[in-house]
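These notes concern the structure reproduced below.
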Amino acid sequence: MTILAIETSCDETSVAVIRDGVVLSGIVSSQIKLHAEYGGVVPELAAREHLRNLIPVAQSALNAAGISVGQLDAVAATQGPGLPNALLVGFKAAQAVAFTLNKPFIGINHHEAHLYSPWISGTPPVADFSAFQPNVSLIVSGGHTMLVLVESGLKHRVLGGTIDDAAGECFDKTGKLMGLSYPAGPLIDQLAEQGNPAAFDFPRPLLHDASDDFSFSGLKTSVRYFIRDHPALLDDRQKICDLCASVQAAIVEVLVKKTIRAAKRNGVRCVTASGGVTCNRALRHELTRACQREGFTLRLAEKFLCTDNAAMIGILAERKLLANVPLPSLDEEIKPGWVLV
Ligand code: KG4
Ligand code: ZN
């Protein structure tokens with residue numbers, strides 16, 4: 001089965017071609033530079049960029065895969081959650097292609113797609129679900145922090161989520177307080193490498209709370225007050241590195257400990273992680289160590305699949321089509337607030 005998949009939920013225009021579990025091509029056009037000027041994603045600009053980029057990106061994906069439109073068996077797109085006008089661009093384009101070709105169309109929940117992205121690996125990337133084990137999956141990005149129990153191929157239950165800021169948002173906002181450009185997460189990752197994670201003590205929000213929920217806005221506020229009380233710190237590069245390492249250590253400790261605890265509590269022996277923050281080297285390292293200690297299998301999404309991409313949308317769409325899930329009608333609408341349950 002050959003599927004064209006489109007993802008435009010936020011600031012990445014992405015198109016992939018999937019055939020029988022293999023990612024034949026996956027093109028991502030990132031808008032990071034455009035939004036950096038504004039310190040965050042501007043929804044209207046994102047939608048306009050998707051409009052500008054979608055056809056060239058789709059053409060590149062088809063060319064790279066060596067597939068013509070006539071060879072497609074189905075079309076998939078992210079239906080939600082996401083920025084409404086951004087979602088509309090990819091979703092309506094995908095429906096139009098399916099309509100024209102008279103092929104099945106399937107709308108995908110972006111977070112559900114993240115759940116299965118850690119099972120895609122190799123060159124070319126292949127989805128290997130023969131290795132699948134029930135797992136606890138951490139989805140951690142600029143907009144979301146979630147723990148999900150994935151019981152079997154297409155069955156999951158959300159255990160907890162963020163009650164305020166997401167972990168990526170915490171990286172970006174604390175970085176902004178330090179004068180770092182948007183998105184600050186990757187810069188904090190780099191600067192933290194030369195810093196001391198024990199230099200400054202920041203709170204580990206909800207670490208000992210019984211729930212699987214997360215909260216990062218208090219950590220952001222304590223960094224704000226810390227910088228207000230120690231303004232000279234930002235003139236010293238080493239101190240900035242120490243600050244980055246200390247903030248990162250607080251975020252990573254909460255993410256890792258709560259993920260491992262959720263896995264133990266739910267009796268699974270496998271942990272997976274995806275989403276932009278999963279690119280963070282300290283998080284990858286600490287999750288690896290913790291899983292080794294517990295004897296758990298760990299599947300971290302490959303870095304190019306951590307950030308938003310259409311390959312994961314296409315892989316999940318293929319699984320759903322093979323499982324004969326009911327197809328939505330072609331006049332379905334986007335679901336910007338679609339909550340994974
Ligand atoms: O998944 P993603 O591309 O977009 C969504 O938010 O949906 O994630 C972007 C987020 C940003 O907050 C960015 O700062 C963060 O992921 N991020 C990182 C790293 N790379 C990306 N945070 C920490 N360390 C990184 N290496
Ligand atoms: Zn995402």
(request) Calculate the translational D of the range 138-207 in whole µm² s⁻¹ from Stokes-Einstein, where the hydrodynamic radius comes from the Kirkwood formula applied to all Cα pairs, the temperature is 25 °C and the viscosity 0.890 mPa s. (result) 176
(request) Taking the Cα centre of the chain as origin, work out the dipole magnitude from +1 charges on Lys and Arg Cβ and -1 charges on Asp and Glu Cβ, in debye rounded to 20. (result) 580
(message) Can you find, among 207, 149, 240, the residue sitting farthest towards the positive end of the charge dipole of the range 111-243, where Lys and Arg contribute +1 and Asp and Glu -1 at Cβ?
(response) 240
(message) In whole Hz and in residue order, list the ³J(HN,Hα) couplings for the range 116-124 that follow from phi through the Karplus curve 6.51 cos²θ - 1.76 cosθ + 1.60, θ = phi - 60°; x for Gly and Pro.
(response) 9, 4, x, 8, 9, 7, x, 10, x
(message) I'd like the orientation of helix 84-101 relative to the chain: the angle between its Cα long axis and the longest Cα principal axis, in ° from 0 to 90, rounded to 10.
(response) 20
(request) Please grab the % of Cα pairs in the range 1-141 that end up more than 20 Å from each other. (result) 48
(message) Quick one: 3J(HN,Hα) in Hz for the range 51-62, Karplus 6.51/-1.76/1.60 with θ = phi - 60°, rounded, Gly and Pro as x.
(response) 4, 5, 8, 4, 5, x, 5, 5, 4, 5, 5, 5
(message) From the convex hull of the Cα coordinates of the chain, what is the mean projected area in square nanometres?
(response) 16.5
(request) Taking amide H positions as placed in the peptide plane 1.01 Å from N, state which residues far from residue 80 in sequence (5 or more) or on other chains have amide H under 5 Å from it. (result) 108, 110, 335
(message) Per residue, how much accessible surface does the range 283-333 expose to a 1.4 Å probe? Answer in Å², no decimals.
(response) 49
(request) May I ask for the angle, rounded to the nearest 10°, between helix 167-177 and the longest principal axis of the chain, with both axes built from Cα atoms and the value confined to 0 to 90°? (result) 50
(message) In whole Hz and in residue order, list the ³J(HN,Hα) couplings for the range 294-309 that follow from phi through the Karplus curve 6.51 cos²θ - 1.76 cosθ + 1.60, θ = phi - 60°; x for Gly and Pro.
(response) 8, x, 8, 7, 10, 10, 9, 4, 4, 4, 6, 9, 6, 6, 5, 7
(message) Tell me the mean residue ellipticity at 222 nm calculated for the chain from its helices only (DSSP H runs of n ≥ 4, each -39500 (n - 2.57), averaged over every residue, nearest 500).
(response) -13500 deg cm²/dmol
(request) Describe numerically, in nm with one decimal, the distance between label points set 7 Å from Cα along Cα→Cβ at residue 261 and at residue 154. (result) 3.4
(request) Please give the per residue accessible area of the range 130-243, computed with a probe of 1.4 Å over protein heavy atoms only, in Å². (result) 45
(message) Rounded to the nearest percent, how much of the accessible area of the chain (1.4 Å probe, protein heavy atoms only) is carbon and sulfur?
(response) 55
(message) Using a Debye calculation, one point per C-alpha and no hydration shell, please list log10 I(q)/I(0) for the range 113-262 at q = 0.12, 0.15 Å⁻¹ in order.
(response) -0.56, -0.80
(request) Express in nm, to one decimal, how much length is gained between residue 211 and residue 341 on full extension, taking 0.36 nm for each residue of separation and deducting their alpha carbon distance. (result) 45.2 nm
(request) Sort 171, 200 from largest to smallest accessible area, using a 1.4 Å probe on the heavy atoms of the protein chains. (result) 200, 171
(message) Give me the net charge for the shell around residue 28: Cβ to Cβ below 11 angstrom, other residues only, Lys and Arg +1, Asp and Glu -1.
(response) -4
(message) Expected output is a single nm value to one decimal: the length gained when fully extending between residue 131 and residue 325, i.e. 0.36 nm times separation in residues minus the C-alpha distance. What is it?
(response) 67.6 nm
(message) Compute, for the range 118-195, the length of the dipole vector about the Cα centre, with Cβ point charges of +1 (Lys, Arg) and -1 (Asp, Glu) only. Units Debye, rounded to 20.
(response) 160
(request) Report the full-extension gain for the segment residue 201 to residue 37: residue separation times 0.36 nm, less the Cα-Cα distance, to one decimal in nm. (result) 55.9 nm
(request) Using label points projected 7 Å from each Cα along Cα→Cβ, tell me how many nm separate residue 292 and residue 194, to one decimal. (result) 2.7
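The values are calculated or read from the model by the stated rules, or taken from the named source; none is laboratory data. Note that the coordinates shown come from a computational prediction; the quantities given were computed from them, not determined experimentally. Heads up, the Cβs are rebuilt from the backbone with ideal geometry, glycines too, and the neighbour counts pull from every protein chain shown. SASA here: full protein model, heavy atoms, side chains in, ligands and nucleic acids out. Shrake-Rupley method; radii C 1.70, N 1.55, O 1.52, S 1.80 Å.
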